[in-house]
Amino acid sequence: MDFAYFNAVLKSTSFPPYDPWFAGGYLHYYYYGFMLTGVLVKWLGITPSIAYNLILPTVFCLIAMGAFSLAWNLYSSPKSTKHLQHKRDDIALVDEQKKSNRITPHPLWAGIASALGMVVLGNLGTVRMILVGYQKLIAPGGILEGVNLFTRTMWTMQGFVQSIKGASLPYGIGDWYWLPSRVIPAQGDVEPITEFPYFTVLYGDPHAHLFALPIALLVL
C-alpha cells in the first residue's frame, strides 16, 4: 500500500496524487510525508524501489538523532547561568560546579537512553510480551486471568528459568512485531493502533506518523 502511494506521489503531475487503486480518482490519504521524501528521490534520480528501502532507515535514524539531541540539550542546559548575577560568589560557584560535574553522568548517556527509548523500546509492548510469555509457560493452560500479582511474579521467574533451559515462548513469529502495535485491549472492538518506530521499520510500513516524528522532535 505505502509503496503504491509513494509511486503515485512520484508520478503525479498535479496534487492531490492519483489513486493507485481507483482509475480517475485521487488519493484520500496522508501523503505529505511521501512528498517530502519524494522530492529528494526525484532530485537524486533514485529508483523508487531502492529509495523506499533507503527512506525507512533514514527516517529511523532521524528520529533517533532528534531524541538524542533533545535529551542531550535538556540534560546539559547551563546550570550556572542563574549564578551570573552573583559575581561575588563566582569562585565558590565554580568549585561547586566542578564537584557537581564529577558526580553527574555525562549528557551522552541521557541522549543514548532517549534515542533507544524512542526508536527501540517504544511503548514497551515487546517487554510486556516477554514477561507475559514467561508467565504463560508456567500458568496452567496458559491462562492468566484472575491471577494475583504475587503469583504472576513467581511464574515470571519460573518461566525465565524454563526459557534458559530451552523452552520457547508461546508466540508465533508474526506476534513479535504485530502484538506490540496493538497493546491497548478493546474487547468486542478493534484495538487502537499503538505503532512505534521500531515496529514501523521492521514491518516496512512508513505511515504518516513515522514522517511526523522527526519533524515533531525538531520542533521540540
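The values are calculated or read from the model by the stated rules, or taken from the named source; none is laboratory data. Quantities reported herein were computed from a predicted structural model and do not represent experimental measurements. Note that we place each Cβ from the backbone using ideal geometry, even for glycine, and neighbour counts take in every protein chain shown.
Structure notes:
- Residues in the range 11-31 that are of a type outside the set (D, E, K, R) and surrounded by fewer than 13 Cβ atoms within 10 Å (Cβ to Cβ): THR13, SER14, PHE15, TRP21, PHE22, ALA23, GLY24, GLY25, HIS28.
- Restricting the range 143-196 to residues that are farther than 17 Å from ARG128 by Cβ and charged (D, E, K, R) leaves a set whose member that is farthest from the chain's Cα centre (by Cα) is LYS165.
- Of the residues PRO214, PRO185, PRO170, PRO206, the single one that is in a loop (DSSP other than H, G, I, E, B) and assigned by TED's automatic domain parsing to the domain that holds CYS61 is PRO206.
- Yes/no for VAL59 being at pLDDT below 90, assigned to a helix (DSSP H, G or I) and either assigned by TED's automatic domain parsing to the domain that holds ASP205 or surrounded by 12 or more Cβ atoms within 10 Å (Cβ to Cβ) (or both): no
So that you can scan it fast, the table gives a plain yes or no per residue for (1) touching a Leu at 6+ places or on another chain (Cβ under 7 Å); (2) charged (D, E, K, R); (3) surrounded by 15 or more Cβ atoms within 10 Å (Cβ to Cβ); (4) in contact (Cβ under 8 Å) with a residue 40 or more places away in the chain:
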residue	(1), (2), (3), (4)
ILE143	no, no, no, no
PRO180	no, no, yes, yes
ASP189	no, yes, no, no
VAL201	yes, no, yes, yes
HIS209	no, no, yes, no
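So that you can scan it fast, the table gives a plain yes or no per residue for (1) more than 30 Å from PHE3 (Cα to Cα); (2) at pLDDT below 90:
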{"site": "PHE160", "(1), (2)": "yes, no"}
{"site": "ILE173", "(1), (2)": "no, yes"}
{"site": "GLY188", "(1), (2)": "yes, yes"}
{"site": "GLY204", "(1), (2)": "no, yes"}
{"site": "ILE215", "(1), (2)": "no, no"}
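- Residues within the range 115-131 that are part of a helix (DSSP H, G or I) and within 24 Å of ARG152 (Cα to Cα), tallied: 8
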